Structure formats: C-alpha cells, structure tokens
Amino acid sequence: QRSGLARTNDRTGGVGAGLLLLALLLAGLPAGEGVAQTLPALPAIDGERFEPEVRAQVEAVERAVRQTPLDPALNGRLGMVLQTYEQYELARPCYERARQLAPKEFRWAYLLGVARTELGDQKGAASALREALELDATSVAAQLRLADVLFAAGQSEESAALYERLTRQSSPLPQAHYGLGRIATARRDLAAAAGQYRRAIDLFPGYGAALYALGIVTRQMGQPAEAVEWLARAQPLQRSRPPLD
C-alpha cells in the first residue's frame, strides 16, 4: 500500500515541476531582467510640448533613465520633473516604476498618489496614499492628501476622521479645518461649516479658498453684507493657501 506522502507527491508533482521550471528560467535571465519585464513602460515624451530650456532638462533626465532603467531614484526624478510642469499623465508611470523598484521608499508612493489625484483617479490615489502611510504614518502631507481624496470620492466619514486627527495636532492645520468645513457644507450644516472656515482663517488669514467658502456660506445663511466682505477679501487671494511642510 502506497503511503499518504507518496500520493500527495503525485497530486502536487505537476505544480512542483512547474515551479522548478520557472526558477530555472528566471535563473537564466540577466540580473534585473525579470523585474524589468513587469515594470510599466517609460512614457513617450514629446519634447516639442516644452520650451527649449525645459526640453533640455526633461531630455537630460529621460536620457539618464533610459541608460539606467532600473534605478528607482532616476525614474522618480523623471516623474518629479514632469510633475513640475504639470505633465501628470507622463509622471504617473515614472512613479509607478520607482514605486515597484523601491517599495520601501515613502516618497514614490506619496508622489504616485499625488499624480493619480491630479488625473482624477481617486481610487488609485487612495491606494497609493494608504501605502505611503504604511511606510510613514506620521506624514501630515499624506494624511491631508488622503483626506482630500476620500472626500472627493464621497467617503466623508473616513475623510472627516482624518481631518479631525489633523486638527488635534500641536500645530493644527488650517487645511484640515477647511476640509471639515467642506464636509459640513456638503451636509448642509451651514453653521458648522462657517465655524470651521472661520477657524481656518484664524490660523491663516490669507487663506483664499476658506475666505471664499465662508462668503458663500454666510450668503446662504442670509447674511449678505457679511458675505460681501468675505468675498471681497478672498478676491485678491485666490491662489493663496497655507504652506505645508
């Protein structure tokens, strides 16, 4: 009578042989080739879309990446250069490559989340930002960006929890109060929204988006004179926002 072990070997022999064959094939590949085959392709960059000085900068980094395609820092740097000029569609695969080549590097997960956010991929952005926070749970920038993404995706409860956590820091973030104001506005709790916007402005008086949002909310609350004042203050500060370390 054959032993149970022998019968098990019969059932799993095909799988074992397959794994052995795969190992032998991979062993025959040049170093790094197995990894390279799973990476997203480098983007096709049309240099004509850039001014000459910018084109030279982009082409220099792209050339370095193509010479050393498995260097995560070079892949990420190309993404950063492209992101600087708001070429998020081109930056995304660069960050995906850097992320895959250096999975323990916080910045590539975070910047991938940023690029996906700018491209409207809220689900993909949230995934990358969660991965970034697994690598550095203390990152204020990643927490804030994830809260913004979750709000945009309609997940207001989780978004509010993140904003609340950021308001309880030793240095409260005006952006977090602004985010809570947006959630309250979406819920039609205008009084709560106004309170959060005011707190954001107290922390950063030149916060253009919060000034504008408070103007809209006070007008909806039946306070037109006050609304005009807030909107007038917001007008020259449309691009002004609190700094983020």
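The values are calculated or read from the model by the stated rules, or taken from the named source; none is laboratory data. Everything numeric in this text was worked out from a predicted model, so none of it was measured. Cβ coordinates were reconstructed from backbone atoms using ideal geometry, including for glycine residues, and neighbour counts include every protein chain displayed. To get the accessible areas, we keep the full protein, side chains included, count just its heavy atoms, and leave off ligands, DNA and RNA. Shrake-Rupley method; radii C 1.70, N 1.55, O 1.52, S 1.80 Å.
Of note:
- Odd one out for Gly113, checked against (1) surrounded by 24 or more Cβ atoms within 10 Å (Cβ to Cβ); (2) more than 12 Å from the chain's Cα centre (by Cα): (2)
- Contact annotation: residue pairs with Cβ atoms under 8 Å, 6 or more positions apart or on different chains, pairing a residue in the range 80-101 that is open to solvent by 60 Å² or more (accessible area, probe 1.4 Å) with a partner that is among the charged types (D, E, K, R) and assigned to a helix (DSSP H, G or I), are Glu86/Glu118.
- Residue within the range 144-155 that is in contact with a helix residue (DSSP H, G or I) (Cβ under 7 Å, 6 or more places away or on another chain), within 26 Å of Arg107 (Cβ to Cβ), open to solvent by 60 Å² or more (accessible area, probe 1.4 Å) and among the hydrophobic types (A, V, I, L, M, F, W, C) present: yes
- Ala160 meets the conditions (1) small (Gly, Ala, Ser); (2) surrounded by 15 or more Cβ atoms within 10 Å (Cβ to Cβ); (3) modelled with pLDDT under 95 in every case but one. The failed one is (3).
- Output for the range 219-238, where each listed residue is within 19 Å of Gly179 (Cβ to Cβ) and buried (at least 18 other Cβ atoms within 10 Å of the Cβ): Trp230, Ala234
- Selection of first residues in the range 42-67 that are open to solvent by less than 50 Å² (accessible area, probe 1.4 Å) and of second residues that are outside any helix (DSSP H, G or I) and among the β-branched types (Val, Ile, Thr), restricted to Cβ pairs under 9 Å at least 6 apart or on distinct chains, gives the following pairs, ordered by first then second residue: Val58/Ile45; Glu62/Ile45.
- A count restricted to the range 166-217 and to residues that are under 21 Å from Arg145 (Cβ atoms), touching a helix residue (DSSP H, G or I) at 6+ places or on another chain (Cβ under 7 Å) and basic (Lys, Arg) stands at 2.
- Qualifying residue in the range 192-205 (condition: surrounded by 15 or more Cβ atoms within 10 Å (Cβ to Cβ) and of a type in the set (S, T, N, Q)): yes
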